[in-house]
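See below for the structure under consideration.
The values are calculated or read from the model by the stated rules, or taken from the named source; none is laboratory data. Quick caveat, the model's predicted, so the values are computed rather than measured. Cβ coordinates were reconstructed from backbone atoms using ideal geometry, including for glycine residues, and neighbour counts include every protein chain displayed. Note: areas computed on protein heavy atoms with side chains; ligands, DNA, RNA excluded. Shrake-Rupley method; radii C 1.70, N 1.55, O 1.52, S 1.80 Å.
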Amino acid sequence: MKKIYFLLAVLIAATGTKAQNNKCATMHVFHESIKQQNLKSTFYTAEQEAEKWLKENKKLFNQKQQQVVIKIPVVVHVVYKTAAQNVPDSNIISQIAVLNECFRKLNSNFVNTRSIFDSIGTDVEIEFCLADKDPMGNSTTGIIRKSAPTSAAFDPLTGFDNVKKPSMGGDTLWPPSQYLNIWTCDMSVFSFEVVLGYAQFPGMAQQTDGVVIQHNYFGRNAKPKFLGKTTVHEVGHWLGMRHIWADDAPGLSQPGTCDSTDFVGDTPNCKSQSASNCDTVINSCSNEDSYWGTIDPPDMVENYMDYSKDSCMTMFSKGQKVRMYSFLNTNPDRIAIKTSTAGCNNYASVSELKNFENHVNIYPNPATSQVKISLSNISNSDFDYEMYNATGQRIKRGEINYLITEVNTADLANGIYFLKVFNLSNTTTKKLVINR
């Protein structure tokens, strides 16, 4: 028990007391893992192979987009001890949508990227989908639910990777050559959320490959002011990304020395992680990579691999894309997953849908006291609805639920109304009649 309190105190002291500042335990888990000599060897071999590929192929990425989008099937293991930890399907599907928006540069807040960085932000050309087939070839939703005993410890301080072990109350992974495994669980210690997520770099142990996310930070708006970017950050690690401050800073109160690298030239050096305040003035280092020439850029707080608040994060850089592809073309599991036969569930991506109006159903129509909205063959993807009267005045607005959304019309007079259903990429408007 004393050891647990000590570890908790150390982590809080090192990262600050704000939840956003201690959100990633990837490097902690990494350093614990490479204490095993065989894992240390395989990890550095993977790094060397990726570096060699990058040197031989870097020019390809400076020319144009690859034009072939990589589809990665995902299985989400929901490991829960209480009903509140049993993440609903709607959160899971919205998280897949956030991943796709961010990796395809379709996030609406990219327009907020500062001019010095907006030309560096890139479409990574990777999309994610919930798997359609399980390892035995049977149909699946890509969502696995596992009830865990209340005594199970999943925190990365004393029980890291336990969530991946059935013997410890977790759920075993599906083959990492075919799936990106994501676990959601409770990693809190004495009800304190010390970690929001962690991931495993390419080249580590196959039996623990994947990403782990604190359950109430999984999905868009699963927690106020958090927009699903924690999972984006951790999947970045899974694809080989390092923190942009290069992890030489022990904590916010002890900044680094600008002498380490994240192995990406176009992400400016910085002494420490963001203080989660979206400080666009800070410029903590001046010794930049040769990419920048004589320019001394500010810290790239917009980057998904910093610790900025979710609303501030807008981009992966071109250099980060190249590094991701260096692992996707050298690490055996990452190579194999590009041609996975697990397939994709029939959920829409964040791109524009053909004949979107055919996916939206409203009934009954005419309606009396209530109208229902359902979406067919597409995910929630953060759709909203708006209702307008015949003069064009908006009279109702709300979010679309994953299954069926019920809209109260008992307060509306008989007549013609218009119901608009939309998200960032799709919109349709349907006529609704109220007749009692």
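Side notes on the structure shown:
- Sole residue being assigned to a loop (DSSP other than H, G, I, E, B) and open to solvent by less than 10 Å² (accessible area, probe 1.4 Å), chosen from GLY219, GLY203: GLY219
- Sole residue being surrounded by 24 or more Cβ atoms within 10 Å (Cβ to Cβ) and among the charged types (D, E, K, R), chosen from GLU302, GLU288: GLU302
- The listed residue being closer than 21 Å to PHE201 by Cβ and assigned to a loop (DSSP other than H, G, I, E, B), out of GLN273, GLN320: GLN273
- Residue match in region 65-83 (condition: in a loop (DSSP other than H, G, I, E, B), aliphatic (A, V, I, L, M), open to solvent by 20 Å² or more (accessible area, probe 1.4 Å) and within 28 Å of VAL29 (Cα to Cα)): no
- Those residues of region 166-200 which are among the small types (Gly, Ala, Ser), touching a residue at least 12 places away in the same chain (Cβ under 8 Å), closer than 30 Å to SER308 by Cβ and surrounded by fewer than 20 Cβ atoms within 10 Å (Cβ to Cβ), in sequence order: SER188
- Residues that are on the phi > 0 side of the Ramachandran plot and among the acidic types (Asp, Glu), drawn from region 121-138: GLU125
Matching residues to (1) under 22 Å from LYS40 (Cβ atoms); (2) at pLDDT 95 or above:
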| site | (1), (2) |
| --- | --- |
| ASP161 | yes, no |
| PHE201 | yes, yes |
| ALA205 | yes, no |
| HIS233 | no, yes |
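- All of SER308, SER253 fail the test of being surrounded by fewer than 16 Cβ atoms within 10 Å (Cβ to Cβ) and modelled with pLDDT under 95, apart from SER253.
- In this entry, GLN95 is excluded by the filter for residues that are in contact (Cβ under 8 Å) with a residue 40 or more places away in the chain, touching a His at 6+ places or on another chain (Cβ under 7 Å) and either open to solvent by 50 Å² or more (accessible area, probe 1.4 Å) or not β-branched (Val, Ile, Thr) (or both).
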